[in-house]
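These notes are about the structure you will find just below.
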Amino acid sequence: SDFFPFSDSPSLPFFFFFSTNEVPIPSCLSSSIIGSSSPPGGDSSLSPYPCHPMDSHEDPPSLVNPRIFELEVKPKPVLSHEIGAGSKCNKCNCPGLDLHYWRKRCKNCSCNLQDHDVVLEADHAQIVIGRLFGAREIFEGRLTTATPSSIATSHPLHEPSYAVPFAPENNTARKAPTAAYNVSVHSYAPESQNNKAVTEYAWVPMENAQMVEKYMESLPVEERPVTGSQGEKNRKQRLAQQLPLFDFDINNQKINDEVEKESLAKFIDNVRSNVVGVGEVVEVDRDGYLDRATRGMNMNGDGQQNEDGQKTILPTDCKSCQGRLNQGDVGVTTSHGHEDDAWHPSCFRCCVCNELLADLIYFYHKGEYYCGRHFAEKQYPRCSGCDELIFAKEYTLAEGKSWHFEHFACDKCDLRLGGHRYITKDEQPHCLQCYLKHYAKTCSTCHSKISADEKRLNYGEMHWHAEERCFRCENCEKNLIGEKFLLKEKTLFCSAKCKNEHSQKN
C-alpha cells in the first residue's frame with residue numbers, strides 16, 4: 001500500500017490512497033520509505049531536497065507537506081466505540097469489551113461500559129476535574145505522574161493541607177482540588193525510623209501523608225484505593241458510574257442541534273459556577289472541634305463561653321449519622337451548604353444512590369449533595385438507550401423510561417421502534433423478529449418457534465403452542481388444553497390407557 005499527500009495546506013486533512021497497482025510517488029517519499037535520502041545510484045536529480053526537513057536547513061518543496069513525516073509517530077485515532085476494546089468484564093466471562101457504537105454497553109455480554117476494566121490514558125477523575133474546574137493545565141499538569149510519587153510521614157503532625165488558590169476561567173473565588181494520584185505513602189513506626197511501610201494509592205485527597213493515613217483508616221477496607229486492590233476497582237467503577245464524561249463536555253455529546261448544544265453549554269456553566277465541589281479533608285483539633293473552624297471561621301453567634309469566658313465553636317457532629325467527630329479524627333467539609341457541616345469520610349455519600357462520593361467530588365443542589373449522575377438527572381431526563389442527557393424538547397417515553405427518538409430502537413438490530421410493535425426483554429425493547437430469533441421458545445410438538453403474539457403453554461422446561469394441533473394426546477389426538485394429562489418421555493397423553501397403547505404400537 002502506498003500513500004501520497006493530497007495537499008500541503010495545514011488546514012486540510014491528509015488523504016491516503018491504497019492500491020495494489022503501481023502508483024508514481026515523489027522521490028522524496030519513496031526514499032523515506034526505503035530509508036535513504038537519495039535514490040539508488042546517487043542520482044541527486046531525482047531528489048534535489050533531503051527527505052526529512054530536519055536533515056537540512058533548506059525548506060522542503062511545496063509539493064510535500066512536512067507534516068507527512070509525523071505520521072510514523074502520530075498516535076492511532078481511536079473511535080468512541082473502540083474505547084477499551086477487549087477489556088475484561090468484572091461481572092461475567094465474556095470474550096472482552098466490544099462497545100456498541102452508541103450504546104454504552106458491551107455487545108458480547110450486554111454489561112455496561114463501567115462494568116469492564118477499561119484503562120484510560122488519564123485518570124477519570126482528573127479528566128472530570130480538569131473540565132469542571134477549568135484547571136486542565138494547572139491540575140493535570142501538576143498531579144499527573146508516569147510513576148508513583150512519594151510522600152512520607154517521618155515528620156511530626158502539622159497543619160492539614162488545604163486547596164491551592166488559582167485563577168479559574170470565570171474569575172470566581174475557587175480553589176483547585178488538592179488530590180494526588182499514583183502516590184506511594186511511606187509511614188514510619190514512632191519507635192523506629194527503620195521500620196518503614198510503603199503503601200501505593202491510586203488516589204489520595206491531599207499530599208499530607210499523616211492526613212492520608214488517617215483518612216484511609218476511616219474508610220472500609222474495600223473502599224481504600226490501594227493500587228491493585230478491590231478498593232481500586234471499586235473506585236474506578238464509582239467514577240465511571242457517578243461522573244459520566246459525556247455529561248460535562250460538549251465534545252462528548254452526540255448533539256447536532258444548535259439549540260440543544262446551547263442548553264448543554266448553559267448546564268455545564270451552571271455546574272462549574274454554582275454546583276460542583278470537592279470535599280476537603282480536615283482534622284479535629286485537641287478541643288474536639290473542627291480544625292478548620294478554630295482557624296477563622298465565622299461563628300455567626302452560634303458559639304458558647306468556656307471557663308475562661310472565651311467564645312468557641314460548638315462541637316461538630318456528622319451531618320449524616322449524627323455521630324460525634326472525636327479529637328484526632330478526620331472529617332470532610334465542603335465549600336457549599338452551611339459552613340459548620342461535616343461528615344465522617346465513610347458517611348459522605350450521594351443522597352440518591354447512597355454510594356460514597358467518588359474522590360469526594362460532589363454536586364450541591366437545594367441543600368442536598370449528589371453524585372454527578374443523579375444531579376444531572378434532576379435537571380434533564382436521561383436516555384435509556386445511549387445513557388446521555390436529553391436536551392431536545394421532544395423525546396420518547398416508553399416503558400417508564402426516556403429515550404431520544406432515534407435511540408428507541410431494537411436492542412439487537414437497532415431498528416427504530418417508533419410506530420412498531422415491540423417486546424421488552426431484560427428491560428430493553430426488541431422488534432418482533434429479533435425477539436423470535438433470540439428469545440422465543442420452541443414448541444415441543446411441532447418444533448417451530450412460538451412468536452410473541454401467540455399463546456403458549458409451559459410445563460417445566462417444555463413449551464407448546466396453546467393450540468389443539470400441538471397440545472394434544474399423542475395417541476388419540478384429544479385436545480388437552482384445560483384437561484388433565486400425562487407426560488411420558490416428553491410425550492403428552494390423555495390417560496394411562498393411551499400411554500400403554502402408544503407403547504405397544506412402538
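The values are calculated or read from the model by the stated rules, or taken from the named source; none is laboratory data. Remember, it's a predicted structure, so these values are computed and weren't measured experimentally. Here the Cβ positions follow ideal geometry from the backbone for every residue, glycine too, while neighbour counts run over all protein chains shown. Surface accessibility is based on the protein's heavy atoms, side chains included, excluding ligands, DNA and RNA. Shrake-Rupley method; radii C 1.70, N 1.55, O 1.52, S 1.80 Å.
Shown is the FRET efficiency for K437 and E368, computed with R0 = 35 Å from the Cβ-Cβ distance and rounded to the nearest 0.05: 0.15.
For the range 343-400, the per residue solvent-accessible surface stands at 42 Å², with DNA, RNA and ligands left out and a 1.4 Å probe. Distance between the pseudo-spin-label points of K233 and E377 (7 Å out from Cα toward the beta carbon): 2.4 nm.
Filter the cross-link list K236/K412; K455/K490; K401/K441; K104/K366; K104/K401 down to pairs whose alpha-carbon distance in this structure exceeds 25 Å. Long pairs (Cα-Cα over 25 Å): K236/K412; K401/K441; K104/K366. At q = 0.12, 0.13, 0.15 Å⁻¹ the log10 of I(q)/I(0) for the range 313-422 amounts to -0.58, -0.63, -0.72, computed by Debye summation with a single uniform scatterer per C-alpha, solvent ignored.
Under 5 Å from the amide H of K478 lie the amide H atoms of C473, each residue being 5 or more positions distant or on a separate chain, with H modelled from the backbone and absent for Pro and chain starts. Kirkwood Rh over Cα pairs of the range 193-243 into Stokes-Einstein at 4 °C, 1.567 mPa s: D in µm²/s? It diffuses with D of about 110 µm²/s by this estimate. Between amide H atoms placed 1.01 Å from N, distances below 5 Å from H116 occur with N90, all of them 5 or more places distant or on a separate chain. Summarised in one figure, the compactness ratio Rg/Rh of the range 367-427, Cα atoms and Kirkwood Rh, is 1.04.
In the range 421-506, the ratio of gyration radius to Kirkwood radius, Rg to Rh, stands at 1.09 when only Cα atoms are counted.
Shown is the FRET efficiency for E200 and K254, computed with R0 = 30 Å from the Cβ-Cβ distance and rounded to the nearest 0.05: 0.20. Between V352 and S448, the FRET efficiency from the beta-carbon distance, with R0 = 51 Å, is close to 0.60.
Between the range 427-506 and the range 342-391, the C-alpha centres lie 50 angstrom from each other. Largest first, the three principal axis extents of the alpha carbons in the range 361-506 are 78, 32, 22 Å in whole numbers. Computed from backbone phi, the HN-Hα couplings of the range 262-278 come to 5, 4, 5, 4, 5, 4, 5, 4, 5, 4, 4, 7, 10, 10, 6, x, 10 Hz, rounded to whole numbers (Karplus: 6.51 cos²θ - 1.76 cosθ + 1.60, θ = phi - 60°; Gly and Pro given as x).
Database remark: amide H of K412 closer than 5 angstrom to the amide H of C431 (H placed geometrically; neighbours at sequence offset of 5 or more, or on other chains; Pro and chain starts carry no H).
Protein-only accessible surface at a 1.4 angstrom probe places the residues V185, V259 in the order V259, V185, largest first.
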